[in-house]
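So the structure is just underneath, and the comments pick up after that.
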Amino acid sequence: MNQEKIKEYKEALEKERLLCVSEIKQNETPVDFGSEPDDESDESDKTEDFGNRLAVINDLKNRLNEIDSALEKIRSEKYGLCEKCSEKIESSILDIDPESRYCKNCKTESQ
Ligand SMILES: [Zn+2]
């Protein structure tokens, strides 16, 4: 893969990383559970909302891990190689999903 292309993916990954970090921060803002214990329906709504936030935060953190390991691969010059079969990952995949660990074939297999 040429350096220009790698630079493009790196920039895309870094942008995505910043976005992820700020979304995690937004979702981690402490939830106000309210001070009226009698209002049960309201409480359960908020608990549900908190559960959704945790799920979102989890997704974002997984994404962040993927992005970090892709950036790490760029640093160690292993970027763009499939983790399963060690073949080059198609640029059609990396264009959509620059943090992808697998090539087209292995991606399809694992689904
Ligand atoms: Zn593969």
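Coordinate-derived values only; no laboratory data. All figures in this text were calculated on a predicted structure; none of them were measured in a lab. So basically every Cβ, Gly included, is an ideal-geometry build from the backbone, and we count neighbours across all protein chains shown.
Between amide H atoms placed 1.01 Å from N, distances below 5 Å from Leu81 occur with Ile89, all of them 5 or more places distant or on a separate chain.
Full extension of the chain segment joining Ser44 with Asn105 gains 17.5 nm, where the gain is 0.36 nm per residue of separation less the Cα-Cα distance. Remark on the chain: ratio of C-alpha radius of gyration to 2.2 N^0.38 Å is 1.45. As a rough footprinting exposure proxy, the listed residues Cys20, Cys85, Cys106 were ranked by other beta carbons within 10 Å of their own, and the order from fewest upward is Cys85, Cys106, Cys20.
Calculated mean residue ellipticity, 222 nm, the chain: -23000 deg cm²/dmol, from DSSP H runs (n ≥ 4) at -39500 (n - 2.57) each, averaged per residue and rounded to 500.
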